[in-house]
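> I have a structure here, written as structure tokens, and I will follow up with some questions on it.
Each value in this text was obtained by applying a stated rule to the coordinates, not by laboratory testing. What you see is a predicted model; the values in this text were computed from it and never measured. Neighbour counts run over all protein chains shown; Cβ positions are idealised from the backbone, glycine included.
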Amino acid sequence: MTAVRAGDHVPGLDVVILAGGQARRLGGADKPGLVVDGQPLVVRVAGAAVAAGARRLIVVGPPRAGAVAAGLARAGAELRIVREDPPGGGPVPALTRGLAEVAAPWVAVLAADLPFLTGAVIRALLAAGRGAVLADDGGRPQWLAGVWPAAALRTAVDRYRGSSLGGLFGPLEPVLVSPGSYPAGPEALRPWADCDTPADLAAARAAADLAAREPGES
């Protein structure tokens with residue numbers, strides 16, 4: 001993939017970041033606000049979205065203050081923070097609420113806990129020209145790293161009666177996009193690596209530290 005360059009033409013892209021959930025495996029911590037390499041996770045994801053050319057960031061979840069709020073405000077795109085109905089109702093209600101704020105023809109749907117997602121990866125998904133999701137190195141779809149035609153996704157959400165994002169997205173038959181091969185390095189550095197558990201978070205922080213020390217080898 002080529003690097004994202006300022007001024008590159010990007011079709012209209014809004015981004016929905018799902019930043020709710022109860023983070024039970026992290027002891028109920030505010031997972032999107034946890035810090036990796038000096039930034040809250042949700043701010044890192046927002047930065048990747050802006051690097052991909054996003055015009056509007058729609059963060060679905062509770063209001064946040066401090067470094068999270070400041071980082072999102074500085075991200076460089078129009079910011080909207082909304083809450084799903086009911087609060088804590090799960091990813092499908094959260095996506096439904098986020099889609100209500102989308103004005104662009106394309107929408108990226110992203111988890112808030114992907115510390116190494118990049119703008120280049122999001123651009124590669126967008127370049128597929130249809131629904132596309134990131135595939136890990138085993139070829140498995142990563143449903144919370146995808147780009148979709150907004151109108152098609154709205155239609156699918158309106159018709160869907162389940163509670164699983166895989167159940168919603170799978171029948172749309174998205175393109176699976178691999179961001180390419182990787183040099184040797186921690187699995188935690190991969191763009192699909194999330195932070196669901198204390199071990200995941202520790203691995204991400206360690207990988208970020210390693211990348212900072214040895215940028216040519218990470």
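> May I ask you to derive the FRET efficiency for LEU172 and ARG213 from their Cβ-Cβ distance with R0 = 41 Å, giving the value to the nearest 0.05?
Efficiency for this residue pair is about 0.50.
> Turning to a different aspect of this structure: Run the quick spin-label model on ARG161 and ALA100: label points 7 Å from Cα toward the beta carbon, then report their separation in nm to one decimal.
With each label placed 7 Å out from Cα toward Cβ, I get 2.2 nm.
> If packing is taken as the mean number of other Cβ atoms within 10 Å per residue, what is the order of 73-79, 104-110, 188-194, highest first?
104-110, 188-194, 73-79
> To continue, here is another question. Once you order the gyration tensor axes a ≥ b ≥ c over the Cα atoms, which shape class does the stretch 126-176 get: rounded for a/c under 1.5, otherwise prolate or oblate by comparing a/b with b/c?
On the way: a/c = 2.65, a/b = 1.33, b/c = 1.99.
Judged from the Cα gyration tensor, the stretch 126-176 comes out oblate (a/c at least 1.5, b/c at or above a/b).
> Just the number, please: percent antiparallel of the DSSP beta bridges in the chain, rounded to the nearest 5.
35
> Next up: When the helix-only estimate is applied to the chain (DSSP H runs of n ≥ 4, each -39,500 (n - 2.57), divided by the residue count), what is the mean residue ellipticity at 222 nm, nearest 500 deg cm²/dmol?
Working: 7 runs with 68 residues, N = 218.
When only DSSP H runs of four or more count, the value is -9000 deg cm²/dmol.
> For ALA65 and VAL35, compute 0.36 nm times the residue count separating them, minus their Cα-Cα distance, and round to one decimal in nm.
Additional length available on full extension: 9.4 nm.
> While we're on this one: If the chain were replaced by its equivalent ellipsoid, with semi-axes equal to the square roots of 5 times the Cα gyration tensor eigenvalues, what would those be, largest first, whole Å? Let's see the in-between values first.
Values: eigenvalues 115, 84, 61 Å².
Ellipsoid semi-axes (Å, largest first): 24, 21, 17.
> Give the Cα extents of the stretch 45-100 along the principal axes, in whole Å, largest first.
Between the extreme Cα coordinates on each principal axis of the stretch 45-100 lie 30, 25, 15 Å.
> Applying a 10 Å radius around every beta-carbon, put 199-209, 53-63 in order of their mean neighbour count, most first.
By packing density, highest mean first, the sequence is 53-63, 199-209.
> Where the convex hull is taken over the Cα atoms of the stretch 78-153, what is its projected area averaged over directions, in nm²?
It is 5.7 nm².
> By average Cβ neighbour count within 10 Å, what is the ranking of 131-141, 111-121 from highest down?
The packing order, highest mean first, is 111-121, 131-141.
> Could you work out the relative contact order of the stretch 13-213, using alpha carbon pairs under 8 angstrom and six or more residues apart, expressed as a whole percent?
Relative contact order comes out at 24 percent.
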